[in-house]
């Protein structure tokens, strides 16, 4: 970028300073976009696996996907709070009664819960007994 000959040195220095920082921000944005794209690829693969598992809960477990590549930390112009390693609270499945049209929904919900919280169940019998606790009303209780 050329400046008119009558531009003062202070303005030229300020423009150079701004151009330098603009270039830095553009490079940081490119790194952040690359990190986001890599993470999106991994998340998409995991979502496909979860969708398959929910659709076919009786199939053997899908092996874990490889860990995402180690990414450089995202650049932020604002200070961030420390990340908390908390797990979202899982809600229990709705009560199941004799309505057959709700059977697949109930089964999918139970399967998803068991997959997301395997540490709560020591064996198959505990998983079955846990699911039976939600059989309420009508023929389901019998």
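The table below gives the values:
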| item | result |
| --- | --- |
| Linear extension gain, residue 8 paired with residue 90, 0.36 nm per residue minus alpha-carbon span | 23.1 nm |
| Length released on extending from residue 48 to residue 108, taking residue separation times 0.36 nm less the Cα-Cα span | 20.1 nm |
| Virtual spin-label span in nm between residue 99 and residue 37, 7 Å along Cα→Cβ | 4.7 |
| Segment 91-142 - Kirkwood radius from inverse mean 1/r over Cα pairs (Å) | 11.4 |
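Every number in this text was worked out from the coordinates using simple rules, so none of it is lab data. Here the structure is a predicted model, which means the values were calculated and not measured. Methodologically, a virtual Cβ is constructed for each residue, glycine included, from the backbone with ideal geometry; neighbour enumeration extends over all protein chains shown.
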